[in-house]
1. What Kirkwood Rh does the chain have if only Cα atoms enter the pairwise 1/r average? Answer in Å.
2. Using +1 at the Cβ of each Lys and Arg and -1 at the Cβ of each Asp and Glu in the chain, identify which of Gly323, Ala16, Ile59 lies farthest towards the dipole's positive end.
3. Quick one: if you stick a label point 7 Å off each Cα along the C-beta vector at Cys269 and Tyr32, how many nm between them?
4. Please tell me which of these pairs span more than 27 angstrom C-alpha to C-alpha: Lys149/Lys211; Lys230/Lys320; Lys49/Lys320?
5. Give me the 1.4 Å probe accessible area per residue for the range 22-101, excluding ligands and nucleic acids, in Å².
6. For Arg247 and Ser105, compute 0.36 nm times the residue count separating them, minus their Cα-Cα distance, and round to one decimal in nm.
7. Using r as the Cβ-Cβ distance of His187 and Thr118, and R0 as 41 Å, what FRET efficiency do you calculate, to the nearest 0.05?
8. Ignoring everything except DSSP H segments at least 4 long, calculate the 222 nm mean residue ellipticity for the chain; use -39,500 (n - 2.57) per segment, divide by total residues, nearest 500.
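The values are calculated or read from the model by the stated rules, or taken from the named source; none is laboratory data. Everything quoted here is computed from the prediction, not taken from an experiment. Reconstructed Cβ throughout: ideal geometry from the backbone, glycine too, with neighbour counts over all protein chains shown. All accessible areas refer to the heavy atoms of the entire protein, side chains included, with ligands and DNA or RNA removed. Shrake-Rupley method; radii C 1.70, N 1.55, O 1.52, S 1.80 Å.
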Amino acid sequence: MNKKKILLLATGGTIASMESEEGLIPGLDAEYLCRHITGASENYDITTKDILHLDSSNIQPEEWTFIAKNVYEAYKKYDGIVITHGTDTMAYTTSILSFMLQNLSIPVVVTGSQLPLTHPLTDAIDNLRYAFAMAASGVPGIFLAFNRKIILGCRAVKVRTTGFDAFESVNYPYVGTIDSNGLNINHKVLPNWDGDCTLTDTLCSDVFLIKLTPGLDPKIFDMLLQLNYKGIIIEAFGAGGLHYIRRDLISKLEKFTQKGIPVVVSSQCLYERSDLSIYQTGKMALKRGVIQAYDMTTEAAVTKLMWALGQTLDAEKIIKIFGTNYAGEITI
Ligand code: ASP
């Protein structure tokens, strides 16, 4: 049998963590993880590389760029890449990688676990096995593998702090499931890639995400202007509602759009799409030039805005970028 060549890039996370006096910290290396995957060496030709040793709370835009560069430098030499990563910010990483690395010719699969690999009841070994199976599938793109499910990278959301079923594919079907038939890929929902792989890794991290609460004082937005934020995302109510009586958020947002600072409005609801054209409050905001996130996850909206602002500060171009589906992140 010709074994598939898989690269395992380790970045830390619970999966690689060990007990310390200060709590769990990443310490196990990629080679150690690899030795514990049942049947790994029999089925795959594996190369390991430790690139970071971080709890994913410490994974930030600089690390995203670093991870993307590692993938870009390696993708031509392997049939697939598995990245181990902490679960806390994994969905942000899979979202940004989906924008930074388009038209990949191989699968890049991110996984982790809720319990360290060394725990007797760990979910790490199973998750690694699912990730390796997906990495060997030949299906190109960025994916997240967890608890017998394969999720398109830009649709993943962490929905549980401790449960093994920690991730969901939000507003999008699962790309794959694992059962006694093996790995079942739903080919109909895979994005259409076209052209050569590109690395677009310049980011602008001056993006602020704010969740509305009833009565939120619009003055907070003046502060964001003073702090020179280049883009704002508002998780508004329901389909995209914002208050304007007594505390007029909507007029305040115009201050941003007039200065060419993009304001993206999404929903606090996890499921289904925001649509500002339904209610008066939404329509008022649309007239002031806000951008709709529709059915994007918050993780995808935040990273897409950082990525878009990394390419241009031109408001019209940002609007165009948000109106484009790059990796399956939005249903226009
Ligand atoms: N705090 C850990 C991390 O994100 C949690 C995990 O990996 O599950 O690195």
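1. Values: mean 1/r = 0.0488 Å⁻¹.
Computed over Cα pairs of the chain, the Kirkwood hydrodynamic radius comes out at 20.5 Å.
2. Gly323
3. Each label point lies 7 Å from its Cα, and together they span 4.6 nm.
4. Working: Lys149/Lys211 29 Å; Lys230/Lys320 17 Å; Lys49/Lys320 38 Å.
Checking Cα-Cα distances, Lys149/Lys211; Lys49/Lys320 exceed 27 Å.
5. Working: 3480 Å² over 80 residues.
The answer is 43 Å² per residue.
6. Values: separation 142, 0.36 × 142 = 51.12 nm, distance 5.02 nm.
Value of the extension gain: 46.1 nm.
7. Details: r = 37 Å, r/R0 = 0.90.
With R0 = 41 Å, the Cβ-Cβ based efficiency is 0.65.
8. Numbers: 10 runs with 95 residues, N = 332.
Theoretical 222 nm ellipticity from helices: -8000 deg cm²/dmol.
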